[in-house]
Amino acid sequence: MLGVAAPSYKGRPILVVDDEPINLELMQRFLRGKYGPILTAHDGEQGLAILEREPIHLILSDQRMPRMDGVTLFQKALSVQPDSKRVLVTGHTDLDMVITAINAGQAYQYVTKPIDFKALDVIIQRALEAYEIAARERMLFDRFVRAAVTAIEQRDPSTAGHSERVANMTVGFARLLHDRQAGRFTELRFSPDDLEQLRYASLLHDFGKIGVREHVLVKSHKLPPDRRQLVELRIEHAVQTGLASKDEAHAMRVALLTLNDPLGSPAGHGDMLALLAKMGVLAEGDEEYLRIGRGSLSAAERAEIESHVRHTISFLEHIPWPNRLARVVEIAGAHHEKLNGRGYPFGKSVIPIEARMMAITDIYDALTAADRPYKTALPHEAALDILAGSVRQGELDEELYTIFREDRIYELSLEPARSVS
Ligand SMILES: [Fe+2]
Ligand SMILES: [Fe+2]
């Protein structure tokens, strides 16, 4: 008969914290064999130091200890390893406080002294299983975000690496503000969950580009390629049918090249446009494209590109984010908002700090990346000048920009992703 293998609880690190050596010894003896590895600490400080460097699935801590009690240790552990399960070992007299700690999410369970080891065994197994479920959920979201990023990058090669670089810079920015002791952001704190949330929001901020038509997304010149080809054919045809001389054809080709250049402006080239129109080589709508003032996009195409934020929002709203990631949509959806209310899609002027940081890292990366064949990457100083101009326009947060520049946040763009949990 086939039996169901009992789950193994090996390979799931447990930290035991107790100030009494005899209790530590007793607990270790009980856990050894079935569980492990087992790490021990004889006070809260030592326990925290272990949590800083080792992944721990379960913390078993005595409540009454000198200097730092068990609940305080759990409070601190929450910001170091939020997923680790915390079980308190306590006397009956502390029960009220223990229940408060459980209700506040600081403790997962408790056992009273003298310890009923059978009951403890069950509690430990449940705690380790709960840890496993949470870890799987974390992994699931992580894989999903990775898959989504791959999907955008395959669609639009110009985005390749952009999301990752923006995420590296923005999360590094938040870490720096977290540690900063001076200025407007002294009080600001980012927990590991906050950093994870920010990382996902950054990685997914441009996901909505998937809803923008590809020819608009990758448009490199003022005329769409099929329209340009048709104009060239009409010029050719005009020469072959004798409607245009070779000199006229040459002038038309120069005019087309000049007017179609995304770096050029139609101002001062009215005669070229008039020539193409007079020779009848333009179709309806061509002239409008060739009159585009700056860049390669018409007003309608620009609006379509800008719609990527709305697509990002509606896509991300469909994801059942767990509570710790509840603000991913809000943060990602505000990366093109400006403090003077002239951003999009909502024209908000109250913008979450995470999105204000991302606005800076996003623009910096877009300016300095050599991501399109026709677009030259701007040198670092020029990109900073443009950002400074946006600060003067009241679009970007001035203090954040200063920190970005002085603390060289931009250098973090290629830093390999560090785990935030
Ligand atoms: Fe964007
Ligand atoms: Fe972006």
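Some notes on this structure:
- Test for Glu153: is it among the charged types (D, E, K, R), surrounded by fewer than 20 Cβ atoms within 10 Å (Cβ to Cβ) and more than 16 Å from ligand 1 (Cβ to nearest atom): no
- Within region 350-387, the residues that satisfy the criterion of being modelled with pLDDT under 95 and not in a helix (DSSP H, G or I) are Ala369, Ala370, Asp371, Arg372, Pro373, Tyr374, Lys375, Thr376, Ala377, Leu378, Pro379.
- Subset tally (residues that are away from ligand 1 (no atom under 16 Å from the Cβ) and either farther than 20 Å from Ala366 by Cα or assigned to a loop (DSSP other than H, G, I, E, B) (or both)) for region 175-212: 23
- Options Ile386, Ile403; residue that is surrounded by fewer than 18 Cβ atoms within 10 Å (Cβ to Cβ) and touching a residue at least 12 places away in the same chain (Cβ under 8 Å): Ile386
- Candidates in region 37-60 are the residues that are over 35 Å from the mean Cα position of the chain (by Cα) and of a type outside the set (A, V, I, L, M, F, W, C); of these, the one that is nearest to Ile124 (Cα to Cα) is Thr40.
- Condition met for Ala366 (under 30 Å from Ser191 (Cβ atoms), small (Gly, Ala, Ser), within 16 Å of ligand 2 (Cβ to nearest atom) and free of Cβ contacts under 8 Å to residues at least 60 places away in the same chain): no
- Odd one out for Leu339, checked against (1) part of a loop (DSSP other than H, G, I, E, B); (2) touching a residue at least 12 places away in the same chain (Cβ under 8 Å); (3) surrounded by fewer than 18 Cβ atoms within 10 Å (Cβ to Cβ); (4) of a type in the set (A, V, I, L, M): (3)
- Residue ID - surrounded by the fewest Cβ atoms within 10 Å (Cβ to Cβ), chosen from residues in region 158-174 that are within 16 Å of ligand 1 (Cβ to nearest atom) and of a type outside the set (Ser, Thr, Tyr): Ala160
- Scan of region 74-90 for residues that are crowded, with 22+ Cβ neighbours inside 10 Å and among the charged types (D, E, K, R), ordered by number: Lys85, Arg86
- If the condition is being of a type in the set (Lys, Arg) and either within 14 Å of ligand 2 (Cβ to nearest atom) or in contact with a helix residue (DSSP H, G or I) (Cβ under 6 Å, 6 or more places away or on another chain) (or both), then region 305-326 contributes only Arg324.
- Of all residues making up region 196-234, the number that are hydrophobic (A, V, I, L, M, F, W, C), more than 16 Å from ligand 2 (Cβ to nearest atom) and surrounded by 20 or more Cβ atoms within 10 Å (Cβ to Cβ): 2
- Residue ID - surrounded by the fewest Cβ atoms within 10 Å (Cβ to Cβ), chosen from residues in region 342-378 that are of a type in the set (D, E, K, R) and over 15 Å from the mean Cα position of the chain (by Cα): Arg342
The values are calculated or read from the model by the stated rules, or taken from the named source; none is laboratory data. Just so you know, these numbers come straight off a predicted model, no measurement behind them. All Cβ positions, glycine included, derive from the backbone under ideal geometry; neighbour counts span all protein chains shown.
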